[in-house]
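Taken together, the values in this text are just the output of simple stated rules run on the coordinates, not laboratory data. Worth saying up front: this structure is predicted, and the values here are computed from it rather than measured. Here Cβ is always computed from backbone atoms with ideal geometry, including for glycine, and neighbour counts include all displayed protein chains.
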């Protein structure tokens, strides 16, 4: 008996489904390492919302701030191009009126007027940079850190336009030749990607505090904002603090204690 | 055929030119790549195995590297536990390159053979820049 059209279609489709299913299963098995898993390091410092308090009173001189910047830039292989147009910074300095625009007035005391405040990525709770990134190269981690995946960055610089704090820098040139001493344990960046402070995630994962906090002699306080017993919460509960551009609603996680009167008291 | 001689000669010439790369390279197969794994660090190991079996690493290392990248960077998971239950820190520089301190002789041999240009070293520090 000759094969009917109906029987031919049924047989053909079953065969195709079988082949397709086998191929899908094969791909599934091969796609994952046998019985492997990934875990967090036992030593890692954990928090629900990492935050920093900058006690500007304890940063007496520009050298104090520079020491922190140097520690950061050394740790993270930040290049020094020697000109402000190409400059890359993870931590920088700003005067009061530039760091906290709208909160200045003409009669600020000299201590505050001339002081250079350390500025860095605020690791905002509502980060504008994350919203605009078309590739999700920058993203907010569950612990509040706004991190970057340089593998994905396409260098569109939307994040730089979106960031209200100028916390991001673009690699217009290959940074490698301009790094004085390469820290072999941390990658460099490449031409065409944006970079910024990462709150030292790589150090937190090893159980170490951020490099700038370590170099600050206690002027920077780092901890979990969601833990009422943490040092940052204790300090914020007992001191008056301000944040940069709070009116924008990005909810920065970097707080500043402004006293500034001591030197002139 | 009108001007058949010229047409056929022209076609032959074209075929010769088009096949030139193949004709020139006949019998000259590129040597099979032999990645070097005998670095000082590997020689000191008692059991010389990678994080997974060599067969797995040969076929799946790119997927594993992607998995490592996303785990470490996005989820903060920096420890890899392999199918034998051994754990390794997830790090290209501090795990892979600790043993394979010779990426030029290890990674590059196969990738050059396959005309694949990995851009890992644009950012990650290779053997040469390590102290």
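Of the conditions (1) out of contact with any helix residue (DSSP H, G or I) (no Cβ under 8 Å at 6 or more places or on another chain); (2) more than 30 Å from residue A:47 (Cβ to Cβ), residue B:87 fails just one. Which one is it?
(2)
Cβ contacts < 6 Å: first residue more than 7 Å from every other protein chain (Cβ to nearest Cβ) and in contact (Cβ under 8 Å) with a residue 40 or more places away in the chain, restricted to region B:47-75; second residue outside any helix (DSSP H, G or I) and surrounded by 15 or more Cβ atoms within 10 Å (Cβ to Cβ), any location; separation 6+ or different chain. Result?
B:51/B:82; B:51/B:88
Can you tell me which residues in region A:52-76 are outside any helix (DSSP H, G or I) and either farther than 20 Å from residue A:259 by Cα or within 14 Å of another protein chain (Cβ to nearest Cβ) (or both)?
A:76
Filter region A:143-176 for residues that are free of Cβ contacts under 8 Å to residues at least 60 places away in the same chain and within 12 Å of chain B (Cβ to nearest Cβ) and give the result.
A:147, A:148, A:149, A:150, A:151, A:152, A:153, A:174
Which of the residues spanning region B:76-93 are surrounded by 14 or more Cβ atoms within 10 Å (Cβ to Cβ) and either out of contact with any strand residue (DSSP E or B) (no Cβ under 9 Å at 6 or more places or on another chain) or without any contact (Cβ under 8 Å) to a residue 24 or more places away in the chain (or both)?
B:76, B:77, B:78, B:79, B:81, B:83, B:87, B:89, B:90, B:91, B:92, B:93
Quick check on this structure: which one of A:228, A:209 is more than 21 Å from residue A:79 (Cα to Cα) and either part of a helix (DSSP H, G or I) or without any contact (Cβ under 8 Å) to a residue 12 or more places away in the chain (or both)?
Numbers: A:209 fails: either part of a helix (DSSP H, G or I) or without any contact (Cβ under 8 Å) to a residue 12 or more places away in the chain (or both).
Result: A:228 is the single residue among A:228, A:209 that is more than 21 Å from residue A:79 (Cα to Cα) and either part of a helix (DSSP H, G or I) or without any contact (Cβ under 8 Å) to a residue 12 or more places away in the chain (or both).
Would you pick out the residues in region B:90-117 that are within 12 Å of chain A (Cβ to nearest Cβ) and within 17 Å of residue B:63 (Cα to Cα)?
B:90, B:91, B:92, B:95
Can you name the helices (runs of 4 or more DSSP H) wholly within region B:21-131 that have at least 1 residues being within 16 Å of the chain's Cα centre (by Cα) and more than 15 Å from residue A:187 (Cβ to Cβ)?
Ranges flagged: B:54-74, B:107-113.
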